[in-house]
1. (1) exposed (fewer than 13 other Cβ atoms within 10 Å of the Cβ); (2) in contact (Cβ under 8 Å) with a residue 60 or more places away in the chain; (3) more than 24 Å from L161 (Cβ to Cβ): which one isn't true of R205, the others all being true?
2. Filter segment 227-262 for residues that are over 20 Å from the mean Cα position of the chain (by Cα) and either in a loop (DSSP other than H, G, I, E, B) or of a type in the set (A, V, I, L, M) (or both) and give the result.
3. Taking the options A334, A340, name whichever one is outside the structural domain of R114 (by TED's automatic domain parsing) and either assigned to a helix (DSSP H, G or I) or of a type in the set (S, T, Y) (or both).
4. Can you tell me which residues in segment 294-329 are over 21 Å from the mean Cα position of the chain (by Cα) and part of a loop (DSSP other than H, G, I, E, B)?
5. Looking at V345, V285, which one is in contact (Cβ under 8 Å) with a residue 60 or more places away in the chain and either more than 22 Å from P81 (Cα to Cα) or part of a loop (DSSP other than H, G, I, E, B) (or both)?
6. Report, by residue number, each residue of segment 196-226 that is modelled with pLDDT under 75 and either within 24 Å of the chain's Cα centre (by Cα) or part of a loop (DSSP other than H, G, I, E, B) (or both).
7. Based on what the data block shows, is Y245 closer than 25 Å to T57 by Cβ and modelled with pLDDT of 95 or more?
8. Just one of E138, E155 is within 29 Å of M282 (Cβ to Cβ), touching a strand residue (DSSP E or B) at 6+ places or on another chain (Cβ under 7 Å), of a type outside the set (A, V, I, L, M, F, W, C) and buried (at least 20 other Cβ atoms within 10 Å of the Cβ); which is it?
Amino acid sequence: MSASIPFNRPGVEGHELEYVRQSIDKGHISGDGGFTKQASMNLEAVFGGRVRVLLTTSCTHALEMAAILLDLKEGDEVIVPSFTFVSGVNAFVLRGAKPVFADIRPDTLNIDERQIETLVTPRTRAIAPVHYAGVGCEMDAIVDIAQRHGLEIVEDNAHGLFGTYRGRLLGTFGRMATQSFHETKNINCGEGGALVLNDPALIERAEIIREKGTNRSRFFRGQVDKYTWVDVGSSYLPSDMLAAYLLGQLEMAEHIQSKRQRIWERYAEALAPWCEQHGVRMPVVPEHCRQPYHMFYLLFPDLDARQSMIAHLRARQITAVFHYLPLNDSEMGARFGGRAGQCPVTESVSERLLRLPFYNTLSTADQDRVIETIMAWRS
């Protein structure tokens, strides 16, 4: 029997393990050590040195920090896509805000910018677009709406590191953006994230929030002679061992991206005729967007076809998975006014989307096996 092909498999690309060993030998494996600083500087360089990047324990925690920085209060509203991971809503709910669910575009599966303005009320404080699969949302329209209504933008860029919209890096359109380094991401350290601050006015408070509400960072810079509790906050610092692993990945970013591009393009080229024959749609990447090759998905005609393909692949030791369930139609979503039928594109896509195995070390032979198995379905 052939070996199984997982949906995801993290791999070592460079000096990750060597750096983890170094962090242990140096005797500093807790947060904000030397590797944390190096990884942060590497990411700041990715964004052109115009931003501040604070590493966090997860993208979820970066979103929670953003929600605190917004000073959200009970009754405030944040417009979010229904087609997203629950962290993108929980972060705001934890501060007392109400999520207002927007549907997605049928092409890129990003928040439908044409709906956003209809959802704005006097209580709206922010828009939280998600760059699905690393393909940029229509940020020109979203920025325009935000400016006209005095709203903040918090970009959930968990999928989009290195992606661009009209030549501008994703994660630089709002005052804040969040990144993920979960093991399924292009660049990963198992669990990890980052808060990207595009406004220098946010930096000092963000450091305090990240350090359990204390001014510890100012103390270590010699700006105060002792540190104390000055604001709300929590422990959002990642271990320096994880930052060491992350630095090793970041140093190999160009190599990683090149491999992922080859895998993505091989899927697209090989499956295009089959998809056309079976009424299956591949990802849509507009010409004005540069994607980071985060995932490859197929959109089937209906739920039965999608489930049949999952079973077909599983029977041949290949794991492919569906993605988000509509938040508007969830048990918690209903508590905030969500209901079935509210986001029809999200509800349809959720039943039809299938993500194929996609990871940095996916071999050509294994990818060929995935492709051949897909094309043998219902043949």
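1. Only one criterion is unmet by R205, namely (1).
2. Correct list: Y227, T228, V230, D231, V232, G233, S234, S239, M241, A244.
3. On the way: A340 fails: either assigned to a helix (DSSP H, G or I) or of a type in the set (S, T, Y) (or both).
Unique residue meeting the criteria: A334.
4. Of segment 294-329, the ones over 21 Å from the mean Cα position of the chain (by Cα) are 300-319, 329.
Matches in segment 294-329: F300, P301, D302, A315, R316, Q317, T319.
5. On the way: V345 fails: either more than 22 Å from P81 (Cα to Cα) or part of a loop (DSSP other than H, G, I, E, B) (or both).
Result of the check over V345, V285: V285.
6. Selection gives R221, G222, V224, D225, K226.
7. Details: closer than 25 Å to T57 by Cβ: yes; modelled with pLDDT of 95 or more: yes.
It is true that Y245 is closer than 25 Å to T57 by Cβ and modelled with pLDDT of 95 or more.
8. Working: E138 fails: touching a strand residue (DSSP E or B) at 6+ places or on another chain (Cβ under 7 Å).
That would be E155, the only listed residue that is within 29 Å of M282 (Cβ to Cβ), touching a strand residue (DSSP E or B) at 6+ places or on another chain (Cβ under 7 Å), of a type outside the set (A, V, I, L, M, F, W, C) and buried (at least 20 other Cβ atoms within 10 Å of the Cβ).
The values are calculated or read from the model by the stated rules, or taken from the named source; none is laboratory data. None of the values given here were measured: they were computed from a predicted structure. Ideal geometry is used to build each Cβ from the backbone, glycine not excepted, and the neighbour counts take in all protein chains shown.
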